[in-house]
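This report refers to the structure that appears directly beneath it.
The values are calculated or read from the model by the stated rules, or taken from the named source; none is laboratory data. Being a predicted model, the structure only gives us computed values, none of them experimental. Cβ coordinates were reconstructed from backbone atoms using ideal geometry, including for glycine residues, and neighbour counts include every protein chain displayed.
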Amino acid sequence: MFPKLRETNIQVKTLVFAVKNWQLTPQQVADEYGISEEQVNNVMAFYDQHRQEIDTAIATDKVLESIYNE
């Protein structure tokens, strides 16, 4: 199971992907997911502490997605 933002069903990797890959600002991500900018900033701080694990999970999702979309 992948970490989720407390009291939501939003996975940490989803928010990280939105900031890093879609290049959205924390405020844009907050607006898109109906959460606060502070929550997004907290997720990004968590990401900084667990970068390797989260990046691995994102990469694994991309591989699985490409396999299932063939």
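Could you run through region 1-57 and say how many residues are assigned to a helix (DSSP H, G or I), without any contact (Cβ under 8 Å) to a residue 40 or more places away in the chain and not charged (D, E, K, R)?
Residues in region 1-57 being assigned to a helix (DSSP H, G or I), without any contact (Cβ under 8 Å) to a residue 40 or more places away in the chain and not charged (D, E, K, R): 21 in total.
Scan region 40-55 residue by residue and report those that are farther than 13 Å from Thr14 by Cα and not hydrophobic (A, V, I, L, M, F, W, C).
Once the filter is applied, which keeps residues that are farther than 13 Å from Thr14 by Cα and not hydrophobic (A, V, I, L, M, F, W, C), region 40-55 yields Asn41, Asn42, Asp48, Gln49, His50, Arg51, Gln52, Glu53.
Out of the residues in region 1-11 that are under 16 Å from Gly34 (Cβ atoms) and in contact with a strand residue (DSSP E or B) (Cβ under 7 Å, 6 or more places away or on another chain), state the one that is modelled with the highest pLDDT.
Within region 1-11, the match that is modelled with the highest pLDDT is Ile10.
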